[in-house]
């Protein structure tokens, strides 16, 4: 290049990016009932954010418990967590998963007799708070140049708004659900993308892989 030339470099530097994954929102938004649960998060982020350099991926979840009719849920989840641990950019953060028995009112109660029914209630606690906390802390300490949230949970509206508009950071949304949350979109993120089946299909772990100590990890049956 001649001295004083104003020509641009052939390759622009990619934006250093952190990704924050709401594990349950991702699962119930686009993985449950689909053949894409064996998801490689690094591969997915690389496909959805090709102009970004992914620094870290924080994955927020809770350890599930056995439920009647699905006693193997914890075993499948543990296999998936072991697969995630093979990815150098992924960090897993745990909330709590609660299973309780409670009585709920019937939608159409009979004129006489019981007005309620006992149900098993499953509830995940803490992941949205953990995600919001790390998003804010990482943004305050300038841990990256861009911050991308994988969720459609409107409970994250305020931390996203603060990072985007009070701290002035680049904030993206990757939506795992069919329709975007209007509350989240009112935050006016820097960009928003839908997570589509084609990206999930091409971002799968191999059926069998090996961890750092040489142990084999196998894709759960039915996944």
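The values are calculated or read from the model by the stated rules, or taken from the named source; none is laboratory data. None of the values given here were measured: they were computed from a predicted structure. Positions of Cβ are generated from backbone atoms using ideal geometry, with glycine treated the same way; all protein chains shown enter the neighbour counts.
Things to note:
- The residue list 137, 163, 171, 213 contains one member that is within 30 Å of residue 82 (Cα to Cα) and crowded, with 20+ Cβ neighbours inside 10 Å, which is 171.
- Subset of segment 61-72 that is in contact with a strand residue (DSSP E or B) (Cβ under 9 Å, 6 or more places away or on another chain) and either in a strand (DSSP E or B) or crowded, with 16+ Cβ neighbours inside 10 Å (or both) - its residue that is modelled with the lowest pLDDT: 67
- Residue list for segment 73-105, restricted to those being exposed (fewer than 14 other Cβ atoms within 10 Å of the Cβ) and at pLDDT below 95: 96, 98, 99, 100, 101, 102, 103, 104, 105
- Residue that is touching a residue at least 40 places away in the same chain (Cβ under 8 Å) and out of contact with any strand residue (DSSP E or B) (no Cβ under 8 Å at 6 or more places or on another chain), where the choices are 58, 76: 76
- Given (1) more than 18 Å from the chain's Cα centre (by Cα); (2) modelled with pLDDT of 95 or more, number of the condition residue 13 does not satisfy: (2)
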